[in-house]
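A short write-up of the structure that comes next.
The values are calculated or read from the model by the stated rules, or taken from the named source; none is laboratory data. Model, not experiment: these values are computed from the prediction. Quick reminder, even Gly has a Cβ in these numbers, built from the backbone with ideal geometry, and neighbours come from all protein chains shown.
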Amino acid sequence: MKVEIKNLTPLIAMISAGKTSFLKVIHNIEFLQVSPGIGTKFVNIIRYNPEVGKNPKFYHLMLKKTLEGDYEFYKEEKSEVIGEANIKRKNIEINEKLKRENVPYEELFYMVEIGEKNIIEDDEYLKNYDLVDIPGLS
């Protein structure tokens, strides 16, 4: 299934600057992995989707290059996990795997959909912008 990418707002900072911790506070979520050094080893697009309700979804995004040279994102259906505890385990698993393996950048994109409002109360912003957790700069 094709995933339309909205306006992306990446958090860009040095390693261990608190990007992931900031996102946890903004979205009132606990399942993102925080650790010293490079904790997040992949690009995690965080999308507000009120249809998800209290059961957040997390899945891998596959990239396909178009004839025009752009990229389209597709949800890898078999990769979907639902629920905070399952997402937390999957985040840890992915980060551990990426510490051991060299993975092409096209395979580093994931999306988490959360259904509950957060510290941002502006519905239009939440519906039109996705926040992005990326690995820190060294």
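Observations on the structure shown:
- Residues that are closer than 18 Å to Tyr48 by Cβ and among the aliphatic types (A, V, I, L, M), drawn from segment 85-138: Ile87, Met111, Val112, Ile114, Ile119, Ile120, Leu126, Leu131, Val132
- Residues in segment 118-131 include at least one that is over 15 Å from Leu11 (Cα atoms), at pLDDT below 80 and not in a loop (DSSP other than H, G, I, E, B).
- Residue among Val43, Val52 that is modelled with pLDDT of 65 or more and under 12 Å from the mean Cα position of the chain (by Cα): Val43
- For segment 99-126, filtering for residues that are more than 18 Å from Lys78 (Cα to Cα) and either in contact (Cβ under 8 Å) with a residue 40 or more places away in the chain or among the charged types (D, E, K, R) (or both) leaves 15.
- Test: residue in segment 77-90 that is in contact with a helix residue (DSSP H, G or I) (Cβ under 7 Å, 6 or more places away or on another chain) and under 17 Å from Thr40 (Cα atoms): no
- Selection within segment 85-114 - surrounded by 15 or more Cβ atoms within 10 Å (Cβ to Cβ) and outside any helix (DSSP H, G or I): Leu108, Phe109, Tyr110, Met111, Val112, Glu113, Ile114
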